[in-house]
1. So which residues in the stretch B:549-582 are modelled with pLDDT of 95 or more, more than 7 Å from every other protein chain (Cβ to nearest Cβ) and in a loop (DSSP other than H, G, I, E, B)?
2. Mind checking which residues of the stretch A:468-482 are basic (Lys, Arg) and either out of contact with any His (no Cβ under 8 Å at 6 or more places or on another chain) or free of Cβ contacts under 8 Å to residues at least 12 places away in the same chain (or both)?
3. It is to be established whether one or more residues within the stretch A:455-469 are of a type outside the set (Lys, Arg), over 26 Å from A:ALA586 (Cβ atoms) and at pLDDT 95 or above.
4. Looking at this structure, is B:VAL52 over 21 Å from B:GLN552 (Cβ atoms), among the aliphatic types (A, V, I, L, M) and either without any contact (Cβ under 8 Å) to a residue 40 or more places away in the chain or not in a loop (DSSP other than H, G, I, E, B) (or both)?
5. Return the residues of the stretch B:331-357 that are outside any helix (DSSP H, G or I) and at the interface with chain A (Cβ under 9 Å from one of its Cβ atoms); say none if nothing qualifies.
6. In this structure, is A:GLY101 at pLDDT below 95 and outside the structural domain of A:PHE290 (by TED's automatic domain parsing)?
7. Which residues, counting only those in the stretch A:1-44, are hydroxyl-bearing (Ser, Thr, Tyr), touching a residue at least 12 places away in the same chain (Cβ under 8 Å) and in a helix (DSSP H, G or I)?
8. Six or more apart or on different chains, Cβ under 9 Å: which pairs go from a residue in the stretch B:133-145 that's closer than 11 Å to B:TYR275 by Cα to one that's surrounded by fewer than 22 Cβ atoms within 10 Å (Cβ to Cβ) and of a type in the set (D, E, K, R)? Could you list them?
Protein chains: 2
Amino acid sequence: MPEYKAPIRDIKFVMQELLDCESHYAHLGFEDASLEMIDAILSEASKFTEQVIAPINQSGDLQGCTWSKEQVTTPDGFKEAYKQYIDAGWSTLPQDPAYGGQGLPHSLHASICEMLSAANHSFAMYPGLSHGAIATIEAHGHDIQKKMFLPNLVNGTWTGTMCLTESHSGTDLGLLRTKADINSDGSYSLNGSKIFISAGEHDLSENIIHIVIARISGSPSGTKGISLFAVPKFNVNELGEKLDKNGVNCGSIEHKMGINANATGVINFDDAKGYLIGEVNRGLNCMFTFMNSARLGVATEGVAAADASFQGALSYAKDRLQMRSMTGVKNPEQPADPIIVHPDVRRMLLTQKSISEGGRALVASLAQLVDITHVNNVSQESKVAAEQRLALLTPIAKAFLTEAALECTSHGIQVLGGHGFIKEWGMEQLMRDTKICCLYEGTTGIQSLDLLGRKVLGSKGKLLNLYTDEISSYIKENQSSKGSSELCATLAEYVELWQDMTNNIAERSQHNPDEIGASSVDYLMYSGYVTLGFMWLKMVDVAHSRMLENQQDESFYQAKIKTAQFYFDRILPRAHGHAACLGRGAKSTMALDSDSFLF
Amino acid sequence: MPEYKAPIRDIKFVMQELLDCESHYAHLGFEDASLEMIDAILSEASKFTEQVIAPINQSGDLQGCTWSKEQVTTPDGFKEAYKQYIDAGWSTLPQDPAYGGQGLPHSLHASICEMLSAANHSFAMYPGLSHGAIATIEAHGHDIQKKMFLPNLVNGTWTGTMCLTESHSGTDLGLLRTKADINSDGSYSLNGSKIFISAGEHDLSENIIHIVIARISGSPSGTKGISLFAVPKFNVNELGEKLDKNGVNCGSIEHKMGINANATGVINFDDAKGYLIGEVNRGLNCMFTFMNSARLGVATEGVAAADASFQGALSYAKDRLQMRSMTGVKNPEQPADPIIVHPDVRRMLLTQKSISEGGRALVASLAQLVDITHVNNVSQESKVAAEQRLALLTPIAKAFLTEAALECTSHGIQVLGGHGFIKEWGMEQLMRDTKICCLYEGTTGIQSLDLLGRKVLGSKGKLLNLYTDEISSYIKENQSSKGSSELCATLAEYVELWQDMTNNIAERSQHNPDEIGASSVDYLMYSGYVTLGFMWLKMVDVAHSRMLENQQDESFYQAKIKTAQFYFDRILPRAHGHAACLGRGAKSTMALDSDSFLF
C-alpha cells in the first residue's frame, strides 16, 4: 500500500507563494489566519491524515460497510477515527463562530480536505457532506432552523447528506416524486425514496440531517415545483436536542466499484418530518449553493487521487529495478536500473505530477474566490467578479480534474505493471474510488453542458472573455520575463483558439442546438488544459522570482519550472486533439437512428 | 446486468464481406471451412456464449476463486460450463487433427474467442491459455512431447499456462531466478517461484501443463540463458497418461481489481519434473510464438470488452428517460426523452461502436494473416509478408485496442450515470476486467517500445513503409469512388504525417536513444488511430458496394458509413494531439532528477 505523505511543501507553495494567502486573508479580515497559524494547522492536519486516516483506507475498502435493518456499520476504525476528527475540532474549522465554528477561511479548510481525501476518499466524504448541509442551512435556513441543526452539525456529533436522486430521476430532477405535505405546526411530512445517498446511514454520528428535495402537494410539475427540506433521522426540538426517531430509514446500501467504506444508501421517507429551507418551489436555487461547493469538493478529490497515485507510483518507480537505461547503465551495483530512468515511466509520473500540482493550484485559487463570496467586508464588485469566475471555472475544475485524475490513477497502475492490478498495492483502489468523481455531483457530460451551454454561451461569452482577458493581460505583462516568454507565447495561441472555437460553436448552435451538446465535452477538456496551463505559467513566474530572491529550496523551484515545461510540451498539446474533434461539428454524432446502433 | 448478444451480423460482415473468408480459406486449403459451416459454427457459438457463459460472468466476479492448500476452486457454475465447452468440442476447433483437433482456421476460432471474452472475460482466459501452451508445444516440442501433452490439451481435459513472471522479474525476464537442472533421464528438475500465473491452479481440468521459462544451471545470465520447459502439475508418461503429483504447487492466489473468476496464482516449483521445449538457452525465441498469439488474444479481449460495454450502455440509453432533446420533444407520451437523443450520450455510444467494430475488423484481418503463417501451401513470400505485417500491427492491436477499450468501458459507466458505478448493473466490472489487458502480455509501454524501437526503427522503417504503401495504394485506387473520396483524402494526410513523424524520431534518436521511449506511447496511439481509420475506410467501401449490389440490409450498411464518418470526424483527429505531444521530444521528460519529483 502506498504510504501517504501530505504534500505540505507544495500546499504552502500554492497558498503562500503563488496565492499570497497572508495578504488575501488580511484583506478579508481573517485575523486569526496568520502564517504561523496556517503552518501549525497544516502540520497538524498532515499528521492526522497520515497517521489516523490513511491507515484505515485499504482495510476500509476491503471490509466495506454492512447493512442491517437496525443500522449501517462502517468498517473497523472509522468510528474511532471520526471521533478523533471531531474531538480535534477539524469539523469546526471553517464554520461560523456563532454556531461553534472557528471562523477560519474556507480556502484553508479546502487544503485540509485534499489531504483527507488523498488519505482516504471514503472517510473524507462523511464530513464533506456535512459541510454541504451546513452551507445550505446557513445560506437559506431560518434562524430557528440554524439553532436546531447547526451547532451539532458544526461540532460533528451530527452529520449531513444531500438527497436529490431518485431511481428514475438523476440528471433530470424535475421528474422527482418525493412529496411533501404541510403539517399543522408548519413542518412538512415527506414521503418518497431517494437513492445513491452518500453517507446516508452510518454509525459515526448521533444524528443525520438530510437535505432533501421534494415537491409540495399542489406545486407545479418539473423543476419549478421543487422545494428543499431539512429532514433529520432523529427529530430535533428548537433547542437542537435530539428526540425520537423520525420516519427516515435506510432500505439498503449499494455494492459499488469503489468508495466501499462510504455507505451509499437508499433512504426511504415515510411520513418523515421535515423543515422547509428557503422559499416554497425555490429548492433548486437553494440547492445550487450546496452544489457548487460540492463540485469544488469533487475537484479536490480529483487532485487528491492524482497525488496519492503519484506518490505510490513514484515510490515504486524509484525502488523497482527492471531493464537498463537506453543511455547507459545508471545503477551498476545492481542487476538493473530503477524504472524511473525509463522515459515512458517518467512520462506517466510527470503526467501525474503536473496534473496534481496544477490541479492543486487551480482548486486553491478557486477556494480563495469562495472566501471572497463568504465575507461581507469586500466590495460588491469583487464579490460579483469572484462569483463570475467561479461560475466559469467550477465545471472545468470538477470535470477536467476528475477525468484527468482518473487517467492519473490508471497511470499509477501502469507504473507498477501487473502489481498495480493487485489489491494489496493499493493502486487499483485509487482508480476505482476515483471513477465516482466523474459521476456524482453531475457527470462530466453535465458539467460540460453547464460550462458551454449555460456559462459560456449563456452569458454571450462574457464570463469567458473576462477570463481570457485576464490571461491575455497576464501574458502581456510577463511575456518579456526571461523564464516564461516562450510559455507565454504558446499559451496565447491556445487562448486565441479558445475564443475562435467558442465563436464557431456559438454560430453553429444558432442553427442547431445539438451543436452544443456534441461539442461540450471536447470543449470542456480543451478549456481544462488551457486553464491548467495558465496555472503552470503563473507557477513558473513565482518559481523564477523566488530563485532570484534566495537560493534556498532551489531544487524545488527548478522542479516547478521543469514540470511546467513538461506540461506545456507533453500535456497541453492534447488540447489540439480536442479542438480538431469538436471542429467537425454535430452532424455525424446525430446521424444514426436509435435503431441502427446495433444489428 | 447487460444481456450479451453475440454480434453475429457484424462478425459475418467482417469475415465474409470485408475479408472474403470464403476465398481466403479455399486458397489456404481449409476445405471444411465453407460458408455454411462457418454460419453453423458462429450460430452455435453465439448460443453457447449467450446462454451458458454470459450468465456466470457477474456471479463469478462476485464470488471469485477460493484458495486452499489442497485446491483452488472456481466460482459456481464454472466447472459445469467448462465441461460443456469441451464436450461440445470448442477446444479442438482450430487444432491439428493429428492430436484430435478439427483443423479449422485460426481466424474462425478468433471470432469465437471474442464472443467468449465478451460474455465472460475470466472464463475465456482458461481455454485461451491452453491455446498458447498448445501453440508452443506444437511449434517447438519434440514428437514425444507432442504425444505426451497435446491430445489432452486439445480435447480440453487438461489446460495450460504460461509461467514467465517472478516477483523481481516482469518486463525484465533476464533477471529470472527459476533454475533447471538436468536429470539422468534427460528431463529437468525445476526450482523457483512464478507469480501472476493466470489459470495457474483451478478445478476445471484434470491436469495443468505449465510452460515455464527457467535458467539451466551453468547457462549465461540475462536473456541469453533462458530455456523453456513444459512442467505438468501431474506427471505424464510417454503415452500421455496422467501419473503422480509433480512438485508444482499453488502458494496463493491474488486479490485483484478484476478478472476475479480467473485464478491468478503464485506457482512454486520444488524439484518439479519438466521437459525442455526447443533448444537450450533459446527459450525466449520459442516463447515469442506464444507471446504474439497471446497478444492478439488480448487485443481480442479489448474488442470484446468495448462491445459488451457498448451493448449495456446502448440498451440503457434507449430505455432511460431523462431530460428533453434540445431540438424538440422526441417522446411526447412520456415525461422525458430516452437519453440516446442527447448528443454527448451518442458521442460516447458511437465511440464505443466505432472502436469495437473497427477493432473487430483489425483483429480479424490479423487473424487471417495468422492463418497464412500456419499453413504450408502458400508461397514463402506470402508467409514473410504476413509475418512482417503481424510484427508491425500486433503491438498496435494489443496496446491501442486495449487502451481504447478501457476508455470505452469508462464511457459505458458514464452513460449509466451513478448506476454505472453500482455492481448490479455489470458495467463497472467491464472496466475492472479490462484494465488487466493494458498490463498483461506486455504493458502498453512495452508494446509501444516494441512497435517504435524494434519494429519500425529496428527495420529501418521497412515494416512501416510496406504498410503505408499499402494504405497509399488503396487510397489511390479508391479516392475517386463516390462514397469515400473525402475519407481517402483525410487518411492520406495522416499517413504522410505518420511517415514524417517517424523520420523525425529516427533522426532525434540517433543523438539520444531516450527519444524513442519518450515518444513511444504517443506514437503507438497515433498509429492505432490511423490503422483503425484504414479499417473504417475499407468498411465504407464494402458497404457502398453492397448497397449497389442489393437493397437488403441497407440500414446496416448505412450505419457502417455513418459510423465511419463519426470515426473520421470525432475519433481520428485525436491523433493530432498525440502528434503534437510527441513532436516536443524527450527533453522535458528527462529533465527532472529522480530526487526532485517530490518534496
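The values are calculated or read from the model by the stated rules, or taken from the named source; none is laboratory data. Everything quoted here is computed from the prediction, not taken from an experiment. Neighbour counts are summed over all protein chains in view; Cβ atoms, including those assigned to glycine, are modelled from backbone coordinates with ideal geometry.
1. Hit for the stretch B:549-582 is B:LEU572, nothing else.
2. A:LYS476, the sole residue that qualifies.
3. Checked the stretch A:455-469: at least one residue is of a type outside the set (Lys, Arg), over 26 Å from A:ALA586 (Cβ atoms) and at pLDDT 95 or above.
4. yes
5. B:PRO335, B:ALA336, B:PRO338, B:HIS342
6. Answer is no for this residue.
7. A:TYR25, A:SER43
8. As it stands, the answer is B:ILE137/B:LYS146; B:ILE144/B:GLU238, since those pairs meet every condition given.
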